[in-house]
Each structure stands twice: as structure tokens, then as C-alpha cells.
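Written out below as C-alpha cells is the structure these notes cover.
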Amino acid sequence: MKILFFMMPAHGHINPTLPVAKELVRRGEQVVYYTTEEFEKKIKEIGAEVRVIHDKFGIQMHEENTNQFSTNVSSPEVLIKNLSRHIKEAPQLIEQVKSEEVDGIVCDPMCLWGRTISEQLHIPRVLFYSGIVVTPDSPIFQYFSTSFDGEIPEVIKKMFIVKEELNIAPILREFQPDSKYLDDQYEFIGPSIIKREQELDFPIEQIKDQPTIFISLGSVIHNPHFNQICIDAFANTEWKVVMVSKTILENTNIPPNFLINPFVPQLEVLQHSDIFISHGGVNSVMESLWFGVPLLLVPQSSDQPIVAARVEALNLGLVLDSNTLTVEQLREAVKKISSNLSLQRNVKEMQSTLQKCKGNIRGADVLQDYFRKKNSQYFSS
């Protein structure tokens, strides 16, 4: 079988699919990703093929006519601009996909161009969410709709008002805040973690056997004010602090107990961390819990406040408000997590649950079964 993956070209969208794709390759299936050059290396490492597409199918990270990063690329304006451009550019890929002799397409809800191609070529399609499932019937959709003044734009409706015969989410059902709205066409496979080969010059030995706080707002969001609060909170303390930041200025006084890099090997760092201060992206949360690391979440945008609320409700971490965050609040929250034995016990129990769920196996099973069924129906009709 040949299966194409059309995911939004972003780490948070591609990473959750890699363990499933790797398992499909191991079983002898031909897996092909249509994505930008940035992700070519990590995809080829799992044995899948890559068709490199133009960067215009990616997420526009900069503000118009500037070199400044947007602090919120999930804002309504930026989201609409990106999605509209993707739909407009989709037709140029149709002839290439038509020549592939494809058995099925896997795409995420935000990858509207992948869905457009599968519809026009009548190829069976499965939705693969990058995290929490959003439907027009769910309270989450109502939460997102408040971001827009007046009627929700059509391009946003296309992203949310969609349901396939099979819809996969790489989380446990208990992390889905409104799972009662979702029927058995939604398959919650749970996460899987595979080692990502990263050629990064990072001194991992400096945090081994040290009390360590890992701080990252992900690969998209950049918040210099937040970075400064973190530095002020933990400078010259007993903590070793690893912080991901692309915006630390040259004249910033970096404390000796801080390691600040634009990129770090997150999975390796988490294995030696005691607390993860994160934006609350689903993948980061799942990876943290996979390694048994309690969470201190400071949501920035998108579904992060909803993810954070679930983490707090399950007593797996604490949540702070980014808009009112202070140095004292950050310090106090870290102290609370460090001394909360019940929370730490819950995190270890969740770690055990996640590592037993084998989401890569389940994901590969349901994809193979579904595409075989759809193609047998096609040839028998």
C-alpha cells in the first residue's frame, strides 16, 4: 500500500505522526510525506519518502513586511492568511499526486490543501489530529469562535466542520475535555515517542544529576517578556535551567546556572528534568508526561488553555496566566510542584499508562484496516 501524509509543515503537527508512519514502514507499507524541506531529514530517518513542496505551504512566521516574529501565529488574522494561501496553492500539486497511484491519504484538519487534493482525486482520507479534537458541536469550538468578531470566516469553518469515517488523535481519551461529543469514529490511540536524531551541540552532561527546570514555549511562539521573568525568577538559584529562546539579546546578562539555546534536543533534556515550564502544546505535554516530568503551564494561544485546564484537572501540573505572570508567582509555583507528592505520584502513574498504550501500533493497525477496506470496496464496486 502507498499512503501519503499531508500534515501542516510544523513540528507540532508532523512529530505525532512519525511513530505511526515508522511502524507502517516497518510493516512494508510505502509512506510518503508531502512537506517542506525543513522536515525532510527527520522523515527520511524513519524510512519514509519525502516529496519536497514549496515553503508557501508552511506557516508564515513573520509579520508582514518585517523580520519580526509574530508572538501569536495562531491569531485569527495570521491563521486565516495562512489557510487561505494553502487552499489557493493546492491545485499545483494535483498532477503530481495523481501520478503516485495512492491507496490512502492521511492529513490533519488544518492541512486544507491535502484535503482538497484527496477530494478532487477521490482518494480515501483519514484525519490525524495533532492533539485535541475540535468539532462544531463541542465547547472547544465555542471557545475558538470567541476569537472572531462577528461570523466565523469560511476558511475557519472548513478547518473545524469536518469529520471523516476515521479520525485519529494521538492522545488518551481522558485528555479530550469533551469526549462525550465524540463517537467511535474517533480513535484515541495515545502518544508514542521515538528518538529524534538531532545534530545539536548541547551539553547534556551539564544537567545530569542536577535539579533541572526545562523552559520552552515551543518552536513557534516567541515571548521575550516571559524569558526575562524566567531569568529573574531562577537566576543564581539551586536550579539548573535549560531555556529555549530565539530572542535573547546579545547584551542580556545570562546567569551562570542557565543554558539558553534557540533549539535543544527536547526528548533528551526531558529525561533529565524535574519540572517542565511549557506553553501547553499537546505534544510537549505528552512528551513531558511520557518521561514522568510534572508540568507548569503558561498557555499562550490556540488550544493551549484547554490542554492546560485538563492537566490541572488531572492533577498533573499547575497553570499560570501569561498576561499577569510575575517572578514571585513563577517561583512559588515551582515550589508547590516540588513539594506536592500527590501530583508527582499522579505524573508517574500517567507515565506508566502512556508508555503502555503503544499508540504507534494502534495507529498503524487502524490505518491499514481502513485503507484496505476502502480499496476493497472500490475494486468490488
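The values are calculated or read from the model by the stated rules, or taken from the named source; none is laboratory data. Everything quoted here is computed from the prediction, not taken from an experiment. Cβ atoms come from the backbone with ideal geometry, glycine included; neighbour counts cover every protein chain shown.
Restricting 274, 303 to residues that are charged (D, E, K, R) and touching a Ser or Thr at 6+ places or on another chain (Cβ under 6 Å) narrows the list to 274. Step by step: first the residues of segment 206-233, then only those that are more than 27 Å from the chain's Cα centre (by Cα) and not aliphatic (A, V, I, L, M), then the one that is farthest from residue 269 (Cα to Cα). Which residue is that? Only one residue fits best here, namely 232. Of 356, 335, 374, all but one fail to be among the basic types (Lys, Arg), without any contact (Cβ under 8 Å) to a residue 12 or more places away in the chain and more than 28 Å from residue 234 (Cβ to Cβ); the exception is 356.
Filter segment 122-139 for residues that are in contact (Cβ under 8 Å) with a residue 12 or more places away in the chain, out of contact with any Lys or Arg (no Cβ under 6 Å at 6 or more places or on another chain) and either outside any loop (DSSP other than H, G, I, E, B) or over 20 Å from residue 10 (Cα atoms) (or both) and give the result. Across segment 122-139, the qualifying residues are 123, 125, 126, 127, 128, 135, 136, 137, 138, 139. Cβ-Cβ contacts under 9 Å between residues 6 or more apart (or on different chains), taken from a first residue in segment 26-51 that is of a type in the set (Gly, Ala, Ser) to a second residue that is in a loop (DSSP other than H, G, I, E, B), are listed as 28/1. Evaluate segment 54-72: report whether one residue or more is at pLDDT 85 or above and buried (at least 18 other Cβ atoms within 10 Å of the Cβ). No - not one qualifying residue is present in segment 54-72. When residues in segment 103-143 are screened for being crowded, with 21+ Cβ neighbours inside 10 Å, modelled with pLDDT under 85 and aromatic (Phe, Trp, Tyr), 1 of them pass.
Just one of the listed residues (343, 325, 330) is hydrophobic (A, V, I, L, M, F, W, C), in contact with a helix residue (DSSP H, G or I) (Cβ under 7 Å, 6 or more places away or on another chain) and closer than 21 Å to residue 271 by Cα, namely 343.
Checked against the criterion of being surrounded by 14 or more Cβ atoms within 10 Å (Cβ to Cβ), closer than 21 Å to residue 301 by Cβ and modelled with pLDDT of 85 or more, segment 173-180 has at least one qualifying residue. For residue 223, which of the numbered conditions (1) modelled with pLDDT of 90 or more; (2) of a type outside the set (A, V, I, L, M); (3) under 19 Å from residue 300 (Cα atoms) fails to hold? For residue 223, the failing item is (1). Total residues in segment 329-364 satisfying the condition of being in a helix (DSSP H, G or I), within 20 Å of residue 189 (Cβ to Cβ) and of a type outside the set (Asp, Glu): the figure is 14.
Looking only at residues that are over 20 Å from residue 299 (Cα atoms) and touching a residue at least 24 places away in the same chain (Cβ under 8 Å) in segment 236-247, which one is surrounded by the most Cβ atoms within 10 Å (Cβ to Cβ)? Outline the logic, then answer.
The first filter runs over segment 236-247 and keeps only residues over 20 Å from residue 299 (Cα atoms), leaving 236-240.
Applying the additional criterion that residues be touching a residue at least 24 places away in the same chain (Cβ under 8 Å) yields 238-240.
Details: 238: 8, 239: 19, 240: 22.
Ranking the candidates gives 240 first.
Of the residues 348, 336, 374, which single one is among the charged types (D, E, K, R), out of contact with any helix residue (DSSP H, G or I) (no Cβ under 8 Å at 6 or more places or on another chain) and surrounded by 14 or more Cβ atoms within 10 Å (Cβ to Cβ)?
Exactly one of 348, 336, 374 is among the charged types (D, E, K, R), out of contact with any helix residue (DSSP H, G or I) (no Cβ under 8 Å at 6 or more places or on another chain) and surrounded by 14 or more Cβ atoms within 10 Å (Cβ to Cβ), namely 374.
Within segment 309-336, being touching a Gly at 6+ places or on another chain (Cβ under 7 Å) and more than 19 Å from residue 170 (Cα to Cα) holds for no residue. Applying the condition of being part of a loop (DSSP other than H, G, I, E, B) and in contact (Cβ under 8 Å) with a residue 60 or more places away in the chain to segment 214-235 and asking which residue is nearest to residue 324 (Cα to Cα) yields 223.
Going by the structure shown, is residue 20 at pLDDT 95 or above, in the same structural domain as residue 100 (by the TED database) and buried (at least 24 other Cβ atoms within 10 Å of the Cβ)? Steps first, answer last, please.
Details: at pLDDT 95 or above: yes; in the same structural domain as residue 100 (by the TED database): yes; buried (at least 24 other Cβ atoms within 10 Å of the Cβ): yes.
Yes: the conditions hold for residue 20.
Once segment 23-49 is narrowed to residues that are touching an Asp or Glu at 6+ places or on another chain (Cβ under 6 Å) and either charged (D, E, K, R) or assigned to a strand (DSSP E or B) (or both), the residue that is farthest from residue 194 (Cα to Cα) is 32. Answer yes or no: is there a residue in segment 206-213 that is buried (at least 18 other Cβ atoms within 10 Å of the Cβ), within 27 Å of residue 313 (Cβ to Cβ), touching a helix residue (DSSP H, G or I) at 6+ places or on another chain (Cβ under 7 Å) and touching a residue at least 60 places away in the same chain (Cβ under 8 Å). Yes; the residues of segment 206-213 include at least one that is buried (at least 18 other Cβ atoms within 10 Å of the Cβ), within 27 Å of residue 313 (Cβ to Cβ), touching a helix residue (DSSP H, G or I) at 6+ places or on another chain (Cβ under 7 Å) and touching a residue at least 60 places away in the same chain (Cβ under 8 Å).
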